[in-house]
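The values are calculated or read from the model by the stated rules, or taken from the named source; none is laboratory data. Quick caveat, the model's predicted, so the values are computed rather than measured. Note that each Cβ is placed from the backbone with ideal geometry, even for glycine, and that neighbours are counted across all protein chains shown.
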């Protein structure tokens, strides 16, 4: 089954304790992105990747890091989480073929930083 | 800066009522347009998309949207909503060929049975 998976689905942590949220897709997509979803703000793009070893900042990259060492994986790293990073995080992947594409989203990771 | 505006944050309708959700974007170049839906507790799913051609696009579950270039709008419509359409709806604009996407703030739709 074609899918985007994220782990963990729920995480409660404390300020300053480094964490990683994993994202993996099995569709051989070139493009991957991370978003955070906050009430009233919709989804905001944190980072995106166009291919292995090619990443760039989205609209809200502060406090986050990413890496793309393999095509299928795109982990999101919070080196020193703070309470303002409490949010719902979505990973997405997409292809571009014949001039059309769409993003496929993971199930989300709900992060609480206390 | 580019932005996407959704006119209504909350909409409450009775079953069988017609739905129209507004979406406007601010970007003068070529864009690709999407509507996604997020059912309670689930991830986002694509409803429909517009890239080129007929500005009236049809999606899943009876939804359609019309692209009006002169108004920078991409409004979502459904003639008759069902209770199962209760969800949050997001308009999105892609600026970067599939990897640079801006989402609107979302519209929460509640359909009364």
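Is it fair to say residue A:64 is at pLDDT 95 or above, touching a strand residue (DSSP E or B) at 6+ places or on another chain (Cβ under 7 Å) and surrounded by 17 or more Cβ atoms within 10 Å (Cβ to Cβ)?
Judged against the criteria, residue A:64 is a match.
Scan the range B:2-13 and give yes if some residue there is farther than 13 Å from residue B:111 by Cα, away from chain A (no Cβ under 14 Å) and under 11 Å from the mean Cα position of the chain (by Cα), otherwise no.
no
Can you tell me which of A:54, A:4 is within 12 Å of chain B (Cβ to nearest Cβ), surrounded by fewer than 15 Cβ atoms within 10 Å (Cβ to Cβ) and either more than 29 Å from residue B:11 (Cβ to Cβ) or in contact with a strand residue (DSSP E or B) (Cβ under 8 Å, 6 or more places away or on another chain) (or both)?
Exactly one residue qualifies, and that residue is A:54.
Condition check: farther than 25 Å from residue A:37 by Cβ and touching a strand residue (DSSP E or B) at 6+ places or on another chain (Cβ under 8 Å). Does residue B:40 satisfy that?
Taking the combined requirement at face value, the residue does not satisfy it.
Quick grid of which residues meet (1) more than 23 Å from residue A:101 (Cβ to Cβ); (2) free of Cβ contacts under 8 Å to residues at least 40 places away in the same chain:
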| residue | (1), (2) |
| --- | --- |
| B:13 | yes, no |
| B:19 | yes, no |
| B:24 | no, no |
| B:40 | yes, no |
| B:47 | no, no |
| B:58 | no, yes |
| B:62 | yes, yes |
| B:86 | yes, no |
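Looking at the range A:67-114, which of the residues that are assigned to a strand (DSSP E or B), within 14 Å of another protein chain (Cβ to nearest Cβ) and over 15 Å from the mean Cα position of the chain (by Cα) is nearest to residue B:30 (Cα to Cα)?
Out of the qualifying residues, it is A:100.
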